[in-house]
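Enquirer: Questions regarding the structure given below will be posed in turn.
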Protein chains: 2
Amino acid sequence: MNFCSHCGHPVTRRIPTGDNRPRYVCVECEAIHYQNPRIIAGCLPVHEDRVLLCRRSIQPRAGLWTLPAGFLENGETTAQGALRETREEANANVEIIDIYTMFSLPHISQVYMFFRARLLDLDFAAGEETEAVHLFREEEVPWDELAFPVITETLKHYFHDRQRNEFPVHSRDIVIERRPSTG
Amino acid sequence: MNFCSHCGHPVTRRIPTGDNRPRYVCVECEAIHYQNPRIIAGCLPVHEDRVLLCRRSIQPRAGLWTLPAGFLENGETTAQGALRETREEANANVEIIDIYTMFSLPHISQVYMFFRARLLDLDFAAGEETEAVHLFREEEVPWDELAFPVITETLKHYFHDRQRNEFPVHSRDIVIERRPSTG
C-alpha cells in the first residue's frame, strides 16, 4: 500500500493514537487503512461413501486435488460462500450439513472453514479453475496429490469420524514460522 | 474507495475479466482491489459458575455488556486474536478450551468466533475500551443490557450446554435484510 484509497495522497506506516500496532495512515486525511485476515470457505461434498474432489487447473498447485473452496465475499454468510465456490469450481449442487473443520494459517493471514455437504445430484462438472471433478472412495483418494494440508486433514478427519457417524468440529492452527532466506 | 492504493490513480468499479462481480479496479495499473469480510474473535471466560463480561465504554453500545472480542489482525490465529482481545479489554489471563460459537453477519460482512476459555486468575480489570469487568452467575447476567445478539446467543448456549457438560460448536447466520429507507 502506497497511497490513500480515500483521497489519493501518500500513506505512511505508523502506530495511530490509541492503537498498538503499525497501520497505513494517510499523511493528508489521516484515514487509517486496516488490513485483516481473509476467510476461505469451502465444502466437503459427500455422496454415499464417496467424497468429491476437484483437480486444480490454476496455480498454485495446478494439477493437484482439492475441495471446492475460495475467498468469502462481502455480503455472504460463510455457508453461502462455501455453496457458491462449490457451484463455481465443480458445478455441484449440494446442501450444507454443518460446519466441520477450521484452520488458522497466520503466516498467510487466512482462516479456512469447511462445511460437510450432501450432493443433491451427480450432475457435477469442472468449472473454470478446475480440470476434473471426481468422486473418491477412501481407498481411492490420491493422498500424495492433494493440493494443501488443510485438504488432507479435512479428509482424514472425515473418514475417521465416519466410522462412528459423529462429526465434531475440528479446529486447528497451522503455524509455519517465517525463517530468513538461506539463499 | 476512490484511488488505487498501489499507484494513486483513480479506481473505477467494474467486473474484471474472468470474475463475476464488480470490484474496484485501477484505471491506470489495473490492480484489482478485493474487499472481504472481517473476523471478530473473542472469548467466553469462565470461572467456576460465573462468566466474565465487560461493560463497553465506547460506541457502539456504550454502557452495555459484552464478551471481550475484536477484529482479528493479520498474522494471528483466531485463538491468538481472542486471547489478545481478552487481555486488552479485560486485562484477563485465560486459557482457551475450544471454539464454541460462530456467527455470520452478512449485512455488515463480519464473522464472529467465540472460544470457551478458563480464567487463570482473578486479576482482571477494565481496559481502555471498557468501563467495568464483572463475573456473573447465570441468574445475575444483565440480559436486557447485553450489547449484541451474538453475546446473548453465546451466553444462552453456554448456560444450556453447561447442564450436561457438553459444548458442541454452534454455528448460525444472523441475516438482516437491507430495506430501502422509509425516511
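Enquirer: Identify all residues within the stretch A:24-60 that are of a type in the set (D, E, K, R) and either closer than 24 Å to residue A:106 by Cβ or surrounded by 15 or more Cβ atoms within 10 Å (Cβ to Cβ) (or both); write none if there are none. Lay out the reasoning, then the answer.
Expert: Looking only at the stretch A:24-60, we keep the residues that are of a type in the set (D, E, K, R), and these are A:28, A:30, A:38, A:48-50, A:55-56.
A:38, A:50, A:55, A:56, listed by residue number.
Enquirer: Among the residues of the stretch A:117-126 satisfying the criterion of being in contact with a helix residue (DSSP H, G or I) (Cβ under 8 Å, 6 or more places away or on another chain) and either in contact (Cβ under 8 Å) with a residue 60 or more places away in the chain or within 30 Å of residue A:177 (Cβ to Cβ) (or both), which is surrounded by the fewest Cβ atoms within 10 Å (Cβ to Cβ)?
Expert: Let us first name the residues in the stretch A:117-126 that are in contact with a helix residue (DSSP H, G or I) (Cβ under 8 Å, 6 or more places away or on another chain), namely A:117, A:124-126.
Restricting the remaining residues to those that are either in contact (Cβ under 8 Å) with a residue 60 or more places away in the chain or within 30 Å of residue A:177 (Cβ to Cβ) (or both) gives A:117, A:124, A:126.
Values: A:117: 26, A:124: 24, A:126: 16.
Filtering first and then ranking leaves A:126.
Enquirer: Among what's in the stretch A:136-177 and is under 14 Å from the mean Cα position of the chain (by Cα) and free of Cβ contacts under 8 Å to residues at least 60 places away in the same chain, pick the residue that is farthest from residue A:118 (Cα to Cα).
Expert: Step by step, filter the stretch A:136-177, then rank; the result is A:149.
Enquirer: Sort through B:75, B:70 and tell me the only one that's modelled with pLDDT of 95 or more, among the small types (Gly, Ala, Ser) and not in a loop (DSSP other than H, G, I, E, B).
Expert: Numbers: B:75 fails: not in a loop (DSSP other than H, G, I, E, B).
None of the other options fit; the residue is B:70.
Enquirer: Next question. From the list B:88, B:166, which one is within 14 Å of chain A (Cβ to nearest Cβ), of a type in the set (Asp, Glu), surrounded by fewer than 23 Cβ atoms within 10 Å (Cβ to Cβ) and outside any loop (DSSP other than H, G, I, E, B)?
Expert: Numbers: B:166 fails: outside any loop (DSSP other than H, G, I, E, B).
Residue meeting the stated conditions: B:88.
Quick grid of which residues meet (1) free of Cβ contacts under 8 Å to residues at least 60 places away in the same chain; (2) of a type in the set (Gly, Ala, Ser); (3) out of contact with any Cys (no Cβ under 7 Å at 6 or more places or on another chain):
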| site | (1), (2), (3) |
| --- | --- |
| B:19 | yes, no, yes |
| B:22 | yes, no, yes |
| B:39 | no, no, yes |
| B:45 | no, no, yes |
| B:53 | no, no, yes |
| B:58 | no, no, yes |
| B:90 | yes, yes, no |
| B:107 | no, no, yes |
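Enquirer: Same structure, new question: Count, please, the residues in the stretch A:33-56 that happen to be among the β-branched types (Val, Ile, Thr) and within 12 Å of another protein chain (Cβ to nearest Cβ). Give the derivation first.
Expert: Initial filter on the stretch A:33-56 (among the β-branched types (Val, Ile, Thr)): A:39-40, A:46, A:51.
Next, from what is left, pick out any that are within 12 Å of another protein chain (Cβ to nearest Cβ): A:39-40.
So the answer is 2.
Enquirer: Another question, then. So for the stretch A:100-116 (the condition being in a loop (DSSP other than H, G, I, E, B), touching a helix residue (DSSP H, G or I) at 6+ places or on another chain (Cβ under 7 Å) and of a type in the set (A, V, I, L, M)), does at least one residue qualify?
Expert: Our first condition is that a residue be in a loop (DSSP other than H, G, I, E, B); within the stretch A:100-116, this holds for A:109.
From what's left, touching a helix residue (DSSP H, G or I) at 6+ places or on another chain (Cβ under 7 Å): none.
Checking the stretch A:100-116: not a single residue is in a loop (DSSP other than H, G, I, E, B), touching a helix residue (DSSP H, G or I) at 6+ places or on another chain (Cβ under 7 Å) and of a type in the set (A, V, I, L, M).
Enquirer: A further question on this structure: Does residue A:133 meet the test of being at pLDDT 95 or above and either under 15 Å from the mean Cα position of the chain (by Cα) or closer than 30 Å to residue A:177 by Cβ (or both)?
Expert: Values: at pLDDT 95 or above: yes; either under 15 Å from the mean Cα position of the chain (by Cα) or closer than 30 Å to residue A:177 by Cβ (or both): no.
For residue A:133, the condition - at pLDDT 95 or above and either under 15 Å from the mean Cα position of the chain (by Cα) or closer than 30 Å to residue A:177 by Cβ (or both) - is not met.
Enquirer: If you scan the stretch B:91-114, which residues turn out to be crowded, with 20+ Cβ neighbours inside 10 Å, over 11 Å from the mean Cα position of the chain (by Cα) and within 9 Å of another protein chain (Cβ to nearest Cβ)?
Expert: Listed by number, the residues that qualify are B:99, B:106.
Enquirer: Now for a separate question. Could you list, in sequence order, all residues of the stretch B:145-178 that are farther than 22 Å from residue B:106 by Cα and in contact with a helix residue (DSSP H, G or I) (Cβ under 8 Å, 6 or more places away or on another chain)?
Expert: Selection gives B:159, B:167, B:168.
Enquirer: On to the next question. Can you name the residue in the stretch A:61-78 that is under 18 Å from residue A:154 (Cβ atoms) and either surrounded by fewer than 22 Cβ atoms within 10 Å (Cβ to Cβ) or among the aromatic types (Phe, Trp, Tyr) (or both) and, of all such residues, is nearest to the other protein chains (Cβ to nearest Cβ)?
Expert: The first filter runs over the stretch A:61-78 and keeps only residues under 18 Å from residue A:154 (Cβ atoms), leaving A:61, A:64-72, A:78.
Retained after the next criterion (residues that are either surrounded by fewer than 22 Cβ atoms within 10 Å (Cβ to Cβ) or among the aromatic types (Phe, Trp, Tyr) (or both)): A:61, A:64-66, A:70-71.
Values: A:61: 19, A:64: 21, A:65: 22, A:66: 19, A:70: 11, A:71: 6 Å.
Checked the stretch A:61-78; the qualifying residue nearest to the other protein chains (Cβ to nearest Cβ) is A:71.
Enquirer: May I pose another question? If you scan the stretch B:72-90, which residues turn out to be under 13 Å from the mean Cα position of the chain (by Cα) and among the basic types (Lys, Arg)?
Expert: B:84
Enquirer: Quick one: in the stretch B:2-23, of everything that is in a loop (DSSP other than H, G, I, E, B) and surrounded by 20 or more Cβ atoms within 10 Å (Cβ to Cβ), which residue is farthest from the other protein chains (Cβ to nearest Cβ)? I'd like the intermediate steps shown before the answer.
Expert: Residues of the stretch B:2-23 that are in a loop (DSSP other than H, G, I, E, B), as a first pass: B:2, B:4-9, B:15-22.
The next check asks that each one be surrounded by 20 or more Cβ atoms within 10 Å (Cβ to Cβ); those that pass are B:4-5.
Values: B:4: 7, B:5: 5 Å.
Top of the filtered list is B:4.
The values are calculated or read from the model by the stated rules, or taken from the named source; none is laboratory data. Note that the structure is predicted; figures quoted are calculated from it, not measured. Cβ coordinates were reconstructed from backbone atoms using ideal geometry, including for glycine residues, and neighbour counts include every protein chain displayed.
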